[in-house]
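K.L.:
One structure is given below, represented as structure tokens, and several questions about it will come after.
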Amino acid sequence: MLKSSNNGYRKNMAELNNIEDSDLEAGLSPVEQAAIVLLSIGEEQAAAVLRCLERDELMELTQVMSRMSGIKVDTVKSALQTFFDDYRQQSGLHGASRSYLKRSLDLALGSDIANSVLNSIYGDAIRPKMARLQYASPKWLAEFVSSEHVQMQAVFLAFLPPALASQILEALPLEGRELVLLNMARLDEINRDVLHELEELVGRCLAAFDTQSASVEGVRQVADILNRLQDNRAGMVELLRAHDPEVVSQIEMSMYDFFILSRQTEQVISRLLDDVPLEQWAIALKGAEAPLRDAILAAMPRRQAQSFEDLMRRSGPVPMSRIEQTRREIMTTVKELADAGEIDIQLFAEATAE
């Protein structure tokens, strides 16, 4: 019954922004009603439904489920009644299930041909398994497949959503990435043996989920700690530099993050406006957070601020790589002025009291 009505829940979740009052007798959204039903039917049955959802749907629904408490009996009854009403509307004669067709085609054509036909109808059987990999860290997935042959890496990425595949590719060793892309571009049809190897790889990957490591931004954390040191911050940085200059360079750049300009005094920003051309600011502030842009504009004379906003509009879209490079150049200037004692930079948001 739950599987038969799952399409109804998928439809409800997709129509969150088009809900009529008659659908919300208990004042609940369709997702909240779905959450009540899943909480009412038990863990195993709820898990069977959750496996049928896309990642965004699953995340939204489970977040609602986790927040629910003290639901009244009448509210539960209303949600269940809506569920059964939907089920009755959708529980007429449906097309054959995959298992029904599999048994029939096995008898008629044999297992191999049956699988080929079913894959052309339903999509490759491996895709639902690979959809579960979207919850894993791209870096961990890259480490997991890095020892595989380049052709298998290409097949693995070909079955993933492009956004996740690109993150995994970036986490793979730089040398050889182009071969992965080249092999992927040459893919057309994948034979049964390769699909079997891919299924085994995905199975091992899913089985190892529990062993994946947590992601920690060590450089960012050290930068935040150093920013808060009251005594001899510069001395500590130099001690670290003696051990690993490259890591310290990353830490320093993280300490001088572009967004810290939003918490500087008007006098500091005015000095930076004298040293950094407006053309650079116009690029660096593309896509910047409102507090940062407001802080820069507030330090300009009104006429200059108006001219600057016109300059930003005229400059049009700018590639992110150029924006990031310009921001790094500005922060290099900021660090040089701070090291020379010409400006006093506030590196973190200090606690205040009235």
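The values are calculated or read from the model by the stated rules, or taken from the named source; none is laboratory data. If you're wondering where the values come from, they're calculated on a predicted model, not measured in any experiment. So basically every Cβ, Gly included, is an ideal-geometry build from the backbone, and we count neighbours across all protein chains shown.
K.L.:
State which residue pairs qualify: first residue touching a residue at least 24 places away in the same chain (Cβ under 8 Å) and inside segment 142-171, second residue in a helix (DSSP H, G or I) and of a type in the set (Phe, Trp, Tyr) in any location, beta carbons under 8 Å apart, and separation of 6 or more residues or different chains.
P.N.:
Correct list of pairs: Val145/Phe156; Glu148/Phe156.
K.L.:
Can Ile19 be described as modelled with pLDDT under 85, more than 30 Å from Leu133 (Cβ to Cβ), surrounded by 10 or more Cβ atoms within 10 Å (Cβ to Cβ) and touching a Ser or Thr at 6+ places or on another chain (Cβ under 7 Å)?
P.N.:
Details: modelled with pLDDT under 85: yes; more than 30 Å from Leu133 (Cβ to Cβ): yes; surrounded by 10 or more Cβ atoms within 10 Å (Cβ to Cβ): yes; touching a Ser or Thr at 6+ places or on another chain (Cβ under 7 Å): yes.
Spelling it out, Ile19 is indeed modelled with pLDDT under 85, more than 30 Å from Leu133 (Cβ to Cβ), surrounded by 10 or more Cβ atoms within 10 Å (Cβ to Cβ) and touching a Ser or Thr at 6+ places or on another chain (Cβ under 7 Å).
K.L.:
Identify all residues within segment 168-198 that are within 14 Å of Leu157 (Cα to Cα) and of a type in the set (S, T, N, Q); write none if there are none.
P.N.:
Hit for segment 168-198 is Asn183, nothing else.
K.L.:
Let me ask another. Could you please let me know if Gln250 is part of a helix (DSSP H, G or I), farther than 18 Å from Asn227 by Cβ and not hydrophobic (A, V, I, L, M, F, W, C)?
P.N.:
no
K.L.:
Further, regarding this structure: Scanning for something modelled with pLDDT of 70 or more and touching a Ser or Thr at 6+ places or on another chain (Cβ under 8 Å), does segment 40-49 turn up at least one residue?
P.N.:
no
K.L.:
Test each condition in (1) within 28 Å of Leu226 (Cβ to Cβ); (2) exposed (fewer than 11 other Cβ atoms within 10 Å of the Cβ) for Ile343 and report the one that comes out false.
P.N.:
(2)
K.L.:
Can you say whether Gln230 is surrounded by fewer than 10 Cβ atoms within 10 Å (Cβ to Cβ), at pLDDT below 85 and within 30 Å of Leu292 (Cα to Cα), as far as the supplied structure shows?
P.N.:
yes
K.L.:
Of all residues in segment 286-339, which are among the small types (Gly, Ala, Ser), farther than 23 Å from Tyr256 by Cα and surrounded by fewer than 12 Cβ atoms within 10 Å (Cβ to Cβ)? So that I can check it myself, show each step before the final result.
P.N.:
Of all residues in segment 286-339, those among the small types (Gly, Ala, Ser) come to 287-288, 290, 295, 298-299, 305, 307, 315-316, 321, 338.
Next cut, farther than 23 Å from Tyr256 by Cα only: 305, 307, 315-316.
Within segment 286-339, just Gly316 meets the criteria.
K.L.:
Ok, one more. Consider Arg271 against the criteria (1) at pLDDT below 90; (2) surrounded by 14 or more Cβ atoms within 10 Å (Cβ to Cβ): it satisfies all of them except one. Which criterion is unmet?
P.N.:
(1)
K.L.:
Check Ala114 against each of (1) of a type in the set (A, V, I, L, M); (2) at pLDDT below 70; (3) not in a helix (DSSP H, G or I) and name the one condition it does not meet.
P.N.:
Condition (3) is where Ala114 drops out.
K.L.:
Quick check on segment 298-313. Is at least one of its residues under 27 Å from the mean Cα position of the chain (by Cα) and among the hydrophobic types (A, V, I, L, M, F, W, C)?
P.N.:
So far as segment 298-313 goes, no, none of its residues is under 27 Å from the mean Cα position of the chain (by Cα) and among the hydrophobic types (A, V, I, L, M, F, W, C).
K.L.:
Read through the list (1) among the acidic types (Asp, Glu); (2) within 30 Å of Asn232 (Cβ to Cβ); (3) modelled with pLDDT of 85 or more, then give the number of the only condition that Asp339 fails.
P.N.:
Exception for Asp339: condition (3).
K.L.:
Now for a separate question. Kindly provide the set of residues from segment 216-269 that are over 30 Å from the mean Cα position of the chain (by Cα) and of a type in the set (D, E, K, R), ordered by number.
P.N.:
Of segment 216-269, the ones over 30 Å from the mean Cα position of the chain (by Cα) are 229-245, 264-269.
Those that are over 30 Å from the mean Cα position of the chain (by Cα) and of a type in the set (D, E, K, R): Asp231, Arg233, Glu238, Arg241, Asp244, Glu266.
K.L.:
Considering only segment 50-90, state which residues are at pLDDT 85 or above and among the charged types (D, E, K, R).
P.N.:
Scanning segment 50-90 gives a single hit, Glu60.
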